[in-house]
1. With θ set to phi - 60°, apply the Karplus curve 6.51 cos²θ - 1.76 cosθ + 1.60 along segment 87-103 and write out the HN-Hα couplings as whole Hz, x wherever there is a Gly or Pro.
2. Quick one: if you take sqrt(5λ) for each eigenvalue of the C-alpha gyration tensor of segment 36-128, what semi-axes come out, biggest first, whole angstrom?
Amino acid sequence: MTKSGLVKRMPWTLLLVAAMTLAPARTSLATTTADGAAAAEVERLTSDILSLDGDPAYGEYLGGECVTCHQRSGASDGIPPITGLSVDYAVRALVEYKLGIRGNEVMKLMTARLDEEEIAALAAYFAGLEP
């Protein structure tokens, strides 16, 4: 290969190396942006729900499904307790499951259909239960 042939090929090589080097940075930036948007949505939705006056009686009605796994006592083997949670914590946890930020597939499924009033009611109910 002549020197001029090598020079003609070099820009493509440099472009390829540059693209391979910058691709992870671009992905990282996109992930960071997505994470920031998700965190902002958690904060917005949590704040909106905490501004509601959750109805513990309605939460008890809705919570009938929760005791399937968490039991009436609020805890079950390997499943976190739901009794005595602060309203703030319960709302944030349910919102994070609803938005797919927390990883439990069953909880994601259960919370996906909950609206803001229902999350407020469940949080009020759980907060009132004795641990």
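1. Listing the rounded values in order: 4, 4, 5, 4, 4, 4, 4, 5, 5, 5, 5, 4, 8, x, 7, 7, x Hz.
2. Output for segment 36-128: semi-axes of 20, 16, 11 Å.
Coordinate-derived values only; no laboratory data. As the structure is a computational prediction, the values presented were derived from the model and not from experiment.
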